[in-house]
2 protein chains.
Amino acid sequence: MAGDKVPSVWMRPGRQGREQPALNRAQIVAAALDLLDAQGVDALSMRKLGARLQAGATSLYTHVATKSELIELVVDEVYGEVEAPRTGDPDGWRAAVARCAASMRATILRHPWIVSVLGEAGVAYLGPNMSRLSEAMLAVFEEAGLSLEAADQAVNTVVAYVVGISASEAAWLATLARSGRSEREWAERLWPSAEHAVRDHPRLRALYAARRGRDPRGDRDGAFATGLDCVLQGLTARLAGQEANRV
Amino acid sequence: MAGDKVPSVWMRPGRQGREQPALNRAQIVAAALDLLDAQGVDALSMRKLGARLQAGATSLYTHVATKSELIELVVDEVYGEVEAPRTGDPDGWRAAVARCAASMRATILRHPWIVSVLGEAGVAYLGPNMSRLSEAMLAVFEEAGLSLEAADQAVNTVVAYVVGISASEAAWLATLARSGRSEREWAERLWPSAEHAVRDHPRLRALYAARRGRDPRGDRDGAFATGLDCVLQGLTARLAGQEANRV
DNA sequence: GGAAGATTCCGCACACTGTACGGATCTCAG
DNA sequence: CTGAGATCCGTACAGTGTGCGGAATCTTCC
């Protein structure tokens, strides 16, 4: 009877004796991030995560209330990778914002699974990293001459564009990763289906046809920058308008 | 591809007696949409969906290869609610695009769960409704004077903004719906947590404080329109630039 | 008629999920 | 030494997507 239950703590060579707690939040979040990056969103289960930490699944619940909470933590962790803009950038606010936007896009593309988690994470606006980022962008726009309300507007607009376009790119990348094929090959395979969908749509057909031979990676950066330029252009105009109103 | 069988929606009396196939794609997709709208994304399971159609769970697999495919179909169905812009709009291309964008946002807010499914749906660009929408927007931008490539750019930019901002609004609404509380009440409850997150961020604190008393619903429409105006302004500038280059 | 083949429906089973619960083991304060 | 509290985890439960095999029904051809 007594030998029935194995005191598993002893059987864990690296980890036995509890001179220190074996698990902690930061560690769990980091492992979850690893797992997500390596295997995608479907592979994140409490059991697998526990295994990766040489711990039981339910042990995690000592440090994390629920899986959703864990995901929110991971998402904020990812936001931590975004390079926030600084006020007083010698290249001007536009360059600062553009750099931040590029960093944000790169971060999302580095973690494509984040798109499928965007709904779960709900209001992650309260995480420390997201807060830091928002504050920094607000500061830059204020410095550029916008009121706080207008700066908020501007931040929301820019972030919406960046997240929107990065999400569609990331969704594409994630589908690729799931299928394990190269982009060219996959497009080739997709083509018949696309062709059908596109039968009555000459413009779409022309676009698809034009893209067939080209490397699709190359002009995505350009497309992002061009669109961002549009948004910033609009903001600049608004800024000028506000100054005009002030005078 | 589309099941061209006549909708056998009429009387299904007992459940047995199969004078006509009892299930079909369109019906399943419609029921899934209903379920999602009524109960949110967590409530969509094959078993529950089957029950709602008075069918077994695995029966659905005769008409739908996989749950992901079903979701893609539902997403395209939703896109079908978006009012596509028409060329030759008497109010000009800008108004046409703005109307379409507003319709798109309204559609997303009517189905907030779509955010949590945006990752699954992956490349839904091939659905008939999404295709129709893309083609229509391309046509409008072409009419405005853009090349096909530039029009594609423009469409992507506008859609990214609209989806991005609507997604963040929808995520908020979905969290609200999950908690079943009124927006004001929820914000009240959230406040302490927000206050902590915002301790070292004066601009964020000012924004939160300013929003405390106000009705948050009212200026969201305005915020959307303002941001969209920015984007369109930028596109207009680009259009002018292109014309200048041509001359 | 009746037989052969398709199509549709579904019960069962399997592997897997998030997490509630209660007990085991540890550390530390008194 | 005693208790309190933190931490870890085995077990269990309700629920998931879906593969499989069989049953019922419809269609087609003789």
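The table for this structure:
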{"read-out": "Residue in the stretch B:49-57 that is surrounded by 19 or more Cβ atoms within 10 Å (Cβ to Cβ), near DNA strand D (Cβ under 10 Å from one of its atoms) and closer than 24 Å to B:Ile108 by Cα present", "value": "yes"}
{"read-out": "Residue list for the stretch B:63-94, filter: touching a Leu at 6+ places or on another chain (Cβ under 7 Å) and without any contact (Cβ under 8 Å) to a residue 40 or more places away in the chain", "value": "B:Val64"}
{"read-out": "Test for A:Gln54: is it over 30 Å from A:Met137 (Cβ atoms), in contact (Cβ under 8 Å) with a residue 40 or more places away in the chain and not assigned by TED's automatic domain parsing to the domain that holds A:Val158", "value": "yes"}
{"read-out": "Positions within the stretch B:217-237 being at the interface with chain A (Cβ under 7 Å from one of its Cβ atoms) and aromatic (Phe, Trp, Tyr), in sequence order", "value": "none"}
{"read-out": "So A:Thr107, is it away from DNA strand D (no atom under 16 Å from the Cβ) and out of contact with any His (no Cβ under 6 Å at 6 or more places or on another chain)", "value": "yes"}
{"read-out": "Lone unmet requirement of (1) small (Gly, Ala, Ser); (2) touching a residue at least 40 places away in the same chain (Cβ under 8 Å); (3) within 16 Å of B:Gly164 (Cα to Cα); (4) at the interface with chain A (Cβ under 8 Å from one of its Cβ atoms) for B:Gly119", "value": "(2)"}
{"read-out": "Criterion: within 11 Å of another protein chain (Cβ to nearest Cβ), hydrophobic (A, V, I, L, M, F, W, C) and assigned to a helix (DSSP H, G or I) - qualifying residue of A:Ala106, A:Ala102, A:Ala98, A:Ala136", "value": "A:Ala136"}
{"read-out": "Verdict on B:Met130 being at pLDDT below 95, in a helix (DSSP H, G or I) and not β-branched (Val, Ile, Thr)", "value": "yes"}
{"read-out": "Any hit, the stretch A:69-89, residues being surrounded by fewer than 16 Cβ atoms within 10 Å (Cβ to Cβ), within 16 Å of DNA strand D (Cβ to nearest atom), more than 10 Å from chain B (Cβ to nearest Cβ) and part of a helix (DSSP H, G or I)", "value": "yes"}
{"read-out": "Condition check for B:Ala51: within 16 Å of DNA strand C (Cβ to nearest atom), more than 13 Å from chain A (Cβ to nearest Cβ), assigned to a helix (DSSP H, G or I) and out of contact with any helix residue (DSSP H, G or I) (no Cβ under 7 Å at 6 or more places or on another chain)", "value": "yes"}
{"read-out": "Qualifying residues in the stretch A:140-155 (those that are surrounded by fewer than 21 Cβ atoms within 10 Å (Cβ to Cβ) and assigned to a helix (DSSP H, G or I)) - the one farthest from the other protein chains (Cβ to nearest Cβ)", "value": "A:Glu143"}
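The values are calculated or read from the model by the stated rules, or taken from the named source; none is laboratory data. Note that this is a predicted model, so its numbers are computed, not measured. In this analysis, Cβ positions are derived from the backbone assuming ideal geometry, glycine residues included, and neighbour counts consider all displayed protein chains.
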